[in-house]
1. Among rounded, prolate and oblate, which fits the stretch A:5-215 when a ≥ b ≥ c are the square roots of the eigenvalues of its C-alpha gyration tensor, a/c under 1.5 means rounded, and a/b larger than b/c means prolate?
2. What is the distance, in nm, between label points placed 7 Å from the Cα along the Cα-to-Cβ direction at B:E222 and at A:Y35?
3. Could you compute the FRET efficiency for B:S8 and B:A84, with r as their C-beta to C-beta distance and R0 at 35 Å, rounded to 0.05?
4. Could you check what % of the DSSP bridge pairs in chain B are antiparallel, to the nearest 5?
5. ³J(HN,Hα) across the stretch A:197-203 via Karplus (A = 6.51, B = -1.76, C = 1.60, θ = phi - 60°), whole Hz, x for Gly/Pro?
6. Would you mind telling me the antiparallel percentage of the DSSP bridges in the protein assembly as shown, rounded to 5?
7. How large is the helix-only mean residue ellipticity at 222 nm for chain A, computed as the sum of -39500 (n - 2.57) over DSSP H runs with n ≥ 4, divided by its residue count, in deg cm²/dmol to the nearest 500?
8. Pulled fully out, how much extra length does the chain show between B:E98 and B:K73, if you take 0.36 nm times their separation in residues and subtract their Cα-Cα distance?
Amino acid sequence: MGLDKFQIAKRIARELKDGYYVNLGIGIPTLVANYIPEGVNVVLQSENGLLGMGPFPYENEVDPDMINAGKQTITTLPGSSIFSSSDSFAMIRGGHVDLTILGAMEVSENGDIANWKIPGKMVKGMGGAMDLVASTDNIIVAMMHTNKEGESKLLPQCELPLTGKNCITKVVTDLGYFEIIDGAFHLKELAPGVTVEEVKAKTAGKLVVEEGVKEMVF
Amino acid sequence: MAINKVVSGADEAVKDIPDNAVLMLGGFGLCGIPENCITALIKKGVTGLTCISNNAGVDEFGIGLMLKTRQVKKMISSYVGENAEFERQLLSGELEVELIPQGTLAERVRAGGAGIPLFATPTGFGTEVAEGKDTIEVEGKMYVMEKWLKADFAIVKAWKGDTMGNLIYRGTARNFNPMMATAGKITIAEVEELVEPGELDPNQIHTPGIFVQRIFQGNNYEKRIEQRTVRK
């Protein structure tokens, strides 16, 4: 069993704190916006130059001059601001963005992340991912625990070209919530219906099972 | 008499861009791209271009059209995922590509316009982006030294401009345009609405006219949308 991508997003949303400025990557991270807890006000940053990203437009509101970093049409909200790419990355590199949530192909036990390139196969580019992971201590990776071949994505060392080094501390997968501490994945919470044995079997990197590890409640 | 930088249109604006020129083209995806100048460059048939632009357009629009006509020798971008022809030319070795993290690209262009030849950034440290580059430790953290980027011609798209070259952008069509406007030996601005000096509020100007050498009012803007996403 384990979590589906909506539940992964829902679990991550619990890490949002009132007043946070947050950058959400493409894929599962985008879904986090749907589960922002009641009473928590956050401002979403889109690195192409928008703070205060609103919902998708209604058909009659579509504006080609208003897109997000995934090139989707988007709206503003009261209090939004628009700026250049260099101002946007000043916010990111300058540590003004409180939390970054992004996907990954691989994460290593020392906090390295790979998510931009498969040599000889995928040559799309890193976009803003390298800037985002180099710039804040508060990054959450949202991903499935294993790849399509069933191989662990939590590894002793990344095999793909790195996006960033020693920068990831939290990972939420379909199997659980992990923190990277002193070169190991610490299992903090188990997904409902998942056993410690299953996590052990599917984690190639060093795994520490914390005593009395709890099951996530939804 | 006020300074007047107006040219008749895109054809005149790009007429002296030679083969093998280094160009910057504003825009993020297809948002805020200089559509008229891209069309004029294709018509002119100039080749061997190096294009610095965050993305490479799509197969049927934007810089993608110039890739199709084989006018581009090298792309310097951060993300090029939406273009099958691009990927084909890259994998076959016909096209040279330099992929740069988006924030580093923005800052390298900004530095080029601001006269800062080198700067240190945390981005890419420990990755292949840092290979062959100097690194420096500052207050216990490692940074990669990155160099400015400049262009023979910077081509930007704005919403409104005046005949002195002052520019205002609209929405997220701003993106890379303001920095690129500062980093061209010659900066060409195409605008949706060209007005007389005094008609734009000086408090609202994004790009001061000093950075712009040529300006014209474009026409027939398509403003294609890559991912039309709506709610019901």
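1. Numbers: a/c = 1.91, a/b = 1.55, b/c = 1.23.
Judged from the Cα gyration tensor, the stretch A:5-215 comes out prolate (a/c at least 1.5, a/b above b/c).
2. It works out to 4.0 nm between the two label points.
3. 0.45
4. Within chain B, antiparallel bridges account for around 30 percent of the total.
5. Karplus values, whole Hz, x for Gly and Pro: 4, 5, 4, 4, 5, 9, 10.
6. If we restrict to bridges inside the protein assembly as shown, about 40 percent are antiparallel.
7. The helix contribution divided over chain A gives -4000 deg cm²/dmol.
8. Using 0.36 nm per residue and subtracting the Cα-Cα distance, I get 7.9 nm.
We did not get these values from a lab; they are worked out from the coordinates using the rules stated. The structure presented is a predicted model; accordingly, all values stated were derived computationally and were not measured. We place every Cβ from the backbone using ideal geometry, glycine too, and count neighbours over all the protein chains shown.
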